[in-house]
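The values are calculated or read from the model by the stated rules, or taken from the named source; none is laboratory data. Predicted, not measured: the structure shown is a model, and the values here were computed from it. Cβ placement follows ideal geometry from the backbone for every residue including glycine, while neighbour counts extend to all protein chains displayed. Each accessible area value is taken on the protein alone, full model and side chains, heavy atoms only, with ligands, DNA and RNA left out. Shrake-Rupley method; radii C 1.70, N 1.55, O 1.52, S 1.80 Å.
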Amino acid sequence: MNEWKTKKPLEWEKYLNKEVKVTADEKNTYQGWVFTVDPVSGSVVLVNFVDAEKVSVATVMGHAIQAVELISEGESNTTERLSALFMPVGSRAYSNEELEQRKLRLKSWLEKNRIPVTEQGDQNKTLCVAGVLTVSPPYNAEDCNSSNEIILSRVQSLINCNPEAGDKNE
């Protein structure tokens, strides 16, 4: 019986963001950084950084995996490099402090323009505008949600033209 196939998703999690050598059927071997493991099939997505701008991505199907050997724990920035590979162009991750500043800037600007806004949700991370629209982190126009299309469109336009919201360097 194959040891990899008997592992549970929480056991596979210890391989994330680590460099491994995977031995598959017919003794094929693959080496790379584990980006993810499919919790249903056990398939592994491996990433290799070819150079500063190029990467290769390979998927080893779970049913074919015979053994997985841990090679390297990786450096402190490995997780960020792997995560950034599959982020939409132009998106970025924000720290909790940056998100709080963005929320406060948008809330302050809305209040200054006499638009009613409250904080709601877990740890008050979501802004509720006029009781009919929500703005979730990171508080951009595309993070607005409302069943009223007219209000949604108008608030998104306001956020897009707001000089105080968003990143100062964008």
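Things worth noting here:
- In nm, spacing of pseudo-spin labels at residue 128 and residue 83 (7 Å Cα→C-beta vector): 2.9
- The stretch 1-86: C-alpha pair distances exceeding 15 Å, %: 55
- A dipole drawn for the chain from +1 and -1 charges on Cβ atoms has a positive end, and of 162, 67, 20 the residue lying farthest that way is 162.
- Note on the stretch 6-47: Cα-Cα pairs beyond 12 Å make up 57% of the total pair count.
- Average Cα contact separation per residue, the stretch 1-98, under 8 Å, 6 or more apart, as relative contact order %: 29
- Cα-based convex hull volume of the chain per residue, rounded to whole Å³: 163
- Across the chain, the mean sequence separation of Cα contacts (distance under 8 Å, 6 or more residues apart), normalised by length, yields a relative contact order of 15 percent.
- Protein heavy-atom surface of the stretch 1-150, 1.4 angstrom probe: 50% of the accessible area is carbon and sulfur, with nucleic acids and ligands not counted.
- Calculated accessible area for the chain comes out at 64 Å² per residue, all protein chains present (probe 1.4 Å; ligands, DNA, RNA ignored).
- Eligible lysines near residue 103 by straight Cα distance, threshold 29 Å, same-chain separation 8 or greater: 112, 125, 168
- The charge dipole of the chain, taken about its Cα centre with unit charges on the Cβ atoms of Lys, Arg (+1), Asp and Glu (-1) only, comes to about 380 debye.
- Derived from the Cα gyration tensor, the three semi-axes of the equivalent ellipsoid of the stretch 38-136 are 42, 17, 12 Å, largest first.
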